[in-house]
Every structure is written in C-alpha cells, then in structure tokens.
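I have placed the structure first, in the form of structure tokens, so that the comments after it can refer back to it.
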Amino acid sequence: MAEKKYRVVTKKNVICLVLMLLFSCFFIFLFIRQIMPGQKKLVYVATVKDVRNNCSEKIVKSEIWNLISKNDFIENRSTIRTSENSFVELAITSGARVTLGEMSGCIAYYDKEYGFAIQLEDNTKVIINLLNCENSLIVTGSDFNKLMEVKPGSLIEFKYGESIDATAIKGEAMIYGKALNEIKLSEKSSFEINSSGLVLRKAITVLSPVFEKDFSKMGAELYPVEFSWIKNNDSVKKIRLEVYKDSYFVHPVLHEDVDASVLKYTVKLDEGSYFWRILLPSEDKEKEMQVLASDRFYISR
C-alpha cells in the first residue's frame, strides 16, 4: 500500500502567498481606478490645435517655460502665454475652443466647482468658441473669481484688463464682476464694463475681421478683407475705418469715412501684417476721436 505524501507548509511559503495576494489586490485596485468613470485623475485639459510664432507653457510647480507646438497636450493648471505677433488655439477637453491673441496669457484647468475653466491674465485678448460644444465654459479673472460663463453654441470675443470688453458674435454669455449683478451678453451685442462696475454699450459691434486672423491669398494678387459691424446706436451716422502697416498707426494704407448704415466694407490688400481700427468721428475737430475697435490681421501665401 502506497504511502500518502503531504506537502509541508513552511513559514516562508505563507509569507510568499500573502505577498502574492497583496500584489494582486493592488493591481486590481489600479485597474478599477482606470476603468471607473470619474475616478481617473485628470492630467491633460487641452490640446494645441494651432499656434503661430513663439508661445510658451509653464507646468505647475515649475519655473521653466517651454515652447509649445501643434498637437501638444496641455497639463491641468499649466500657464500658457503668447508673445508679440503670435497666437495659440487650444482645444479644451470639454469641446470648447479658446484662442489667445498676442501678449496674452491664461491657465486652463479643471476643478469640482467650475468644471472646465480658463483663468485670464490681465490685458488678455481671447476668442471662446462653443459653437460645437455641449458644455459651458467658465472664465475666471486673475484672482480666480468667476468672471464669465459662456453658454454652449456661443462665439464670444473678449478682452480682459482694467475693463471688460466683450462681444457676443453668436449665442450668449453671463458676465459677473465686482459691484455688478449678472449681465446677459446676447447674440450680436457688445458691452464694456469698467472696474467700478459701470456698463457701457458700444456704438457699434464689430463682427469681422476676427482678431489676428491669418488670411490665405490662395494665389490671388490682392486679398479682399471684409469689415462688418452692427449699429447699436441710431445716432451714429459715420465711422472712420483705418488700416496701417505699423502698430503705432503712423503709415496708413486705408483712411476712409464710411456710412455706418452700410454695415460692411471690403478692402483689397497685399501680403503682410496689418493693424486696423474703427473710430467714431467727432464734429469737434479739436476733440480726439473715440476708438471703437482696434486689432490686427495677417495676409500670407
């Protein structure tokens, strides 16, 4: 009759078995965190869709600025800044598109209170495009206080500094501020809100050209650039349209008084960088004309 063999369980075997079980539980825990919705830590909040010239990113807890390129991923709470003659377009993970003009800066971030948001630095020019987005985007000021909530389906042009200068090209946004109740910025309307909370309705709302637009000539000798606007005040009869080759507005390419009621004016220009402004003429020749809008665009092959 064969003898039965018994395996001797040693202390070493027990320790190995326990360690194997602990490691198995740890890896199962990591796997569950990866697949469970809402449990994965958000690392990237945006992707660079387009960039011109020098734009930089500084990640959290770092003092090093790195140049960013198209298709780069932007980490949560990274700071993005543009230099002179540059712009960057960010695709936020929520579906929003954010375009920064030159000499501007923002922090793209996500938190539990606001969801996806951008914090603007002083004197930042930005276009927020939510035309194909189902979620709102929160805009905060330099102190992270809520400044604006842009609604889905909207296209808002916005400048943040000592005053808030915002235009709803399409859709709507809610603007907030110190000493202010909520202000609704509706489609084709424009407001300037100064630091004391005073709301000023602009004489006209400029719809095009959108700031820092890069027009492609597509082989044409001259490219037609269309300026369009909406009158917010019936008392405005004429506007002055000026286009220059320099940012100091010294050497004019175009200097034209236009009937404000035509709402559209087209000028043909050659390749190059241009600065434009629209002014409100004054009957008093000694009085300086009010600048209603001012920006730049490029024409390149």
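The values are calculated or read from the model by the stated rules, or taken from the named source; none is laboratory data. Note that this is a predicted model, so its numbers are computed, not measured. Here Cβ is always computed from backbone atoms with ideal geometry, including for glycine, and neighbour counts include all displayed protein chains. Side chains are part of the model used for accessible areas, which takes the heavy atoms of the whole protein and leaves out ligands, DNA and RNA. Shrake-Rupley method; radii C 1.70, N 1.55, O 1.52, S 1.80 Å.
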Using a Förster distance of 25 Å, how high is the FRET efficiency between Lys146 and Lys49, based on the Cβ-Cβ distance and rounded to 0.05?
-> 0.45
Choice from Leu137, Leu254, Leu22 showing the highest fluctuation, given a GNM over the chain with Cα pairs closer than 10 Å = Leu22
Normalised by the residues of the chain, what does the relative contact order come to in percent, with Cα pairs under 8 Å and at least six apart?
-> 9 percent
Whole-number percent relative contact order across segment 117-182, with pairs defined as alpha carbons under 8 Å at least 6 apart | 31 percent
Angle between the Cα long axis of helix 11-35 and the longest principal axis of the chain, 0 to 90 degrees, nearest 10?
-> 20 degrees
Accessible-area order (highest first, 1.4 angstrom probe) of the listed residues Lys61, Lys268 = Lys61, Lys268
Segment 71-155: Cα Rg divided by the 2.2 N^0.38 Å rule of thumb | 0.99
Roughly how many Å² of Val243 are accessible to a 1.4 Å probe, to the nearest 10?
-> 0 Å²
At R0 = 25 Å, FRET efficiency that the Cβ-Cβ distance of Lys287 and Ser186 yields, to 0.05 = 0.20
For the chain, report the accessible area per residue in Å² (1.4 Å probe, heavy atoms, rounded to an integer).
-> 60 Å²
Using alpha carbons only: equivalent-ellipsoid semi-axes of segment 110-196, gyration tensor based, whole Å | 18, 16, 11
Taking placed amide H atoms and a strict 5 Å upper bound, the residues 5 or more places from Leu90 or on another chain that come that close are Lys49, Val98, Thr99, Leu100
Two-decimal Rg to Rh for segment 55-202 - Kirkwood Rh, Cα set | 0.95
Normalized C-alpha radius of gyration of the chain, against 2.2 N^0.38 Å?
-> 1.41
For the chain, what does -39500 (n - 2.57) per DSSP helix run (n ≥ 4), summed and divided by total residues, give at 222 nm, in deg cm²/dmol to the nearest 500?
-> -3000 deg cm²/dmol
Of the heavy-atom accessible surface of the chain (probe 1.4 angstrom), what whole percent is carbon and sulfur?
-> 52 percent
Mind listing the long-range amide H neighbours of Gly161? Cut-off is under 5 Å, sequence gap 5 or more, other chains count too, H placed in the peptide plane at 1.01 Å from N.
-> Asn123
So how much slack lies between Lys245 and Cys25, counting 0.36 nm per residue of separation and subtracting their Cα-Cα distance, in nm?
-> 72.5 nm
